[in-house]
Amino acid sequence: MFTALELSRIQFAFTVSFHIIFPAFSIGLAMFLTVMEGLWLYTKNPLYYQAIRFWTKVFALTFGMGVVSGIVMEFQLGTNWAGFTKQIGSVLGPLFVYEVLSAFFIEAGFIGIMLFGWNKVGPKLHYLATILVTIGTTISAYWIMSANSWMQHPVGYQIIDGKFITTDWLAVVFNPYTLPRFIHMMLAAYLATSFVIISVSAYYLLNNQFVDFAKKCLSSAIIVVMIIIPIQIYIGDESGIKVHEAQPIKTAAIEGIWDTQKGAPLLIVAWPSNAEQRNLFEVGIPYGAALINTHKLDGELQGLKSVPQEDQPEAWIVFYAFRIMVGIGLLMFTYAIVAIWLLLRGKLFQSRLMLQASKYMAPTGFIAIITGWFTAEVGRQPWAVYGLIRVNDAVSNVSMHDVLVSLALIIIVYGIIFGVFYFHFLNKTIKKGPADFDSVEPFYFLRGAQPQEGDK
């Protein structure tokens, strides 16, 4: 039988897993649209214009889902995690307010011009709106990562009467833990979005639809992926170093290390068991974990058994979530190398095998984001605020029955709204393609021309 705490954790994990997809996709699409619109204004190539108009429709649908799912997340802090908000509300509350202000004042303020301003405002103002929406999504992401990073590595506070009071806002906002995690998350969002664009473009090419449009989107996304992945590997390494410095027990769970040791191996496969306090089996590369986490072959890693068992995270979840994330990253890198090689040889668009592979790459980036988030959050357990507030002290005084009912309702509503509504209209939009914008000439009013049939 589950407890109210366990169900609350399941509910939060369920909602955050849904929610994180939409902001990540919105962030990536906003940046893609900014680049495409800049290229269109510079080159006047109508294929860029087609790309902007088509992917803007997907962005609008995704952005709306992100707002809705985000509201549910914030309500849960009050209903299920009252102990958490009571103790650290004065620290995290302002960060969430800034995030909302960024989202609504910048993103929502200019998204109307971005979506409906074609042929109503000039090209420079429209492009400015697109840039500001991109800046808004980026700033929103920073506030969220700043709040989460404080929970991972609390700084700039003091405790008065059992409540956390901020003593140094600059330390909170510019937590040294935040920047590498923020960049890591942004690059992950760009990669996930690029692979959706790659997948949709490959789908069109395999069906011989919108061929020129698909070629332009596919080649652009592959170039972006090839540039970003090496940077992501470097930033991921920097983020791992920060985790090892601030949360050595999370690193121990990631690596499946139970005893503190120097020159720890990189375990490729293992089954960590908290019950037996060891790995039931393991296959590893000597010195690998020490080298990755300390940049030294004889570097020392703190073991899980250096803390009491009740202070250890569930090691097998962290261990495998991290390996799924890294495995997908390696798959992406391999794909990018093959794709760019075929692109440079002029054979990418003719290779049905590669196009088939490309079509199925769409979910990989989001799976990597979710498993990466699981690594960070499960690895922090049993702490809501690392080393200071346990999760069981953060949960609300609610009954198991109440949480069970709310969890069941959320699953049903999410299934309808996100499973049916979003994917139905997303699928419909993709099947329709960019045909609506084949003959539309934007900003016709600036040239004194009349709008054409189908103009929007």
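Output the residues belonging to the range 154-189 that are open to solvent by less than 60 Å² (accessible area, probe 1.4 Å) and assigned to a loop (DSSP other than H, G, I, E, B).
The answer is 154, 155, 156, 162, 175, 177.
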Only one of (1) under 14 Å from residue 254 (Cβ atoms); (2) touching a helix residue (DSSP H, G or I) at 6+ places or on another chain (Cβ under 7 Å) does not apply to residue 398, and that is (1)
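If you check residue 455 against the conditions, is it within 30 Å of residue 41 (Cα to Cα), among the charged types (D, E, K, R), at pLDDT below 75 and assigned to a helix (DSSP H, G or I)?
It is false that residue 455 is within 30 Å of residue 41 (Cα to Cα), among the charged types (D, E, K, R), at pLDDT below 75 and assigned to a helix (DSSP H, G or I).
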Before we move on, is residue 49 touching a residue at least 40 places away in the same chain (Cβ under 8 Å) and either closer than 29 Å to residue 415 by Cβ or open to solvent by 30 Å² or more (accessible area, probe 1.4 Å) (or both)? no
Return the pair list, or none, for Cβ contacts closer than 6 Å from residues in the range 104-130 that are under 16 Å from residue 29 (Cα atoms) to residues that are among the charged types (D, E, K, R) and modelled with pLDDT of 90 or more, at least 6 apart or on different chains. 127/37; 130/37
Return the residue satisfying two criteria in turn: it lies in the range 131-168 and is free of Cβ contacts under 8 Å to residues at least 24 places away in the same chain and not β-branched (Val, Ile, Thr), and of such residues it is farthest from residue 190 (Cα to Cα). 161
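So that you can scan it fast, the table gives a plain yes or no per residue for (1) within 20 Å of the chain's Cα centre (by Cα); (2) farther than 30 Å from residue 428 by Cα; (3) not in a loop (DSSP other than H, G, I, E, B):
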position: 5; (1), (2), (3): no, yes, yes
position: 10; (1), (2), (3): yes, yes, yes
position: 36; (1), (2), (3): no, no, yes
position: 57; (1), (2), (3): no, no, yes
position: 66; (1), (2), (3): yes, no, yes
position: 70; (1), (2), (3): yes, no, yes
position: 78; (1), (2), (3): no, yes, yes
position: 83; (1), (2), (3): no, yes, yes
position: 89; (1), (2), (3): no, yes, yes
Taking residue 142 as the residue in question, decide whether it is in a helix (DSSP H, G or I), under 20 Å from the mean Cα position of the chain (by Cα) and of a type in the set (Phe, Trp, Tyr). yes
Quick one: which of 281, 349 is in a loop (DSSP other than H, G, I, E, B) and surrounded by fewer than 21 Cβ atoms within 10 Å (Cβ to Cβ)? 349
Given 43, 56, 15, which one is open to solvent by 20 Å² or more (accessible area, probe 1.4 Å), at pLDDT 85 or above and among the β-branched types (Val, Ile, Thr)? 43
Which of the residues belonging to the range 182-225 are under 30 Å from residue 143 (Cα atoms) and either without any contact (Cβ under 8 Å) to a residue 24 or more places away in the chain or small (Gly, Ala, Ser) (or both)? 188, 189, 192, 194, 220, 221
Might you let me know whether the range 421-436 holds any residue that is assigned to a helix (DSSP H, G or I) and more than 30 Å from residue 210 (Cα to Cα)? no
Of all the residues that make up the range 214-240, how many are closer than 30 Å to residue 294 by Cβ and not aliphatic (A, V, I, L, M)? 8
Report the residue count in the range 385-416 for those that are in a helix (DSSP H, G or I), open to solvent by 20 Å² or more (accessible area, probe 1.4 Å) and farther than 18 Å from residue 307 by Cβ. 14
Which numbered condition residue 296 misses (of (1) open to solvent by 40 Å² or more (accessible area, probe 1.4 Å); (2) in a helix (DSSP H, G or I)): (2)
Determine whether the range 361-384 contains at least one residue that is in contact (Cβ under 8 Å) with a residue 40 or more places away in the chain, over 21 Å from the mean Cα position of the chain (by Cα) and open to solvent by less than 30 Å² (accessible area, probe 1.4 Å). yes
Since residue 133 meets every condition but one in (1) among the β-branched types (Val, Ile, Thr); (2) open to solvent by 40 Å² or more (accessible area, probe 1.4 Å); (3) touching a Phe, Trp or Tyr at 6+ places or on another chain (Cβ under 8 Å), which condition does it not meet? (2)
Does the range 237-259 include one or more residues that are open to solvent by 60 Å² or more (accessible area, probe 1.4 Å), assigned to a helix (DSSP H, G or I), out of contact with any strand residue (DSSP E or B) (no Cβ under 9 Å at 6 or more places or on another chain) and among the β-branched types (Val, Ile, Thr)? no
Name the residue, out of 417, 430, that is within 30 Å of residue 47 (Cα to Cα), out of contact with any strand residue (DSSP E or B) (no Cβ under 8 Å at 6 or more places or on another chain), in contact (Cβ under 8 Å) with a residue 40 or more places away in the chain and among the hydrophobic types (A, V, I, L, M, F, W, C). 430
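The values are calculated or read from the model by the stated rules, or taken from the named source; none is laboratory data. What you see is a predicted model; the values in this text were computed from it and never measured. Positions of Cβ are generated from backbone atoms using ideal geometry, with glycine treated the same way; all protein chains shown enter the neighbour counts. Calculation scope for accessible area: heavy atoms of the full protein, side chains included, ligands and nucleic acids excluded. Shrake-Rupley method; radii C 1.70, N 1.55, O 1.52, S 1.80 Å.
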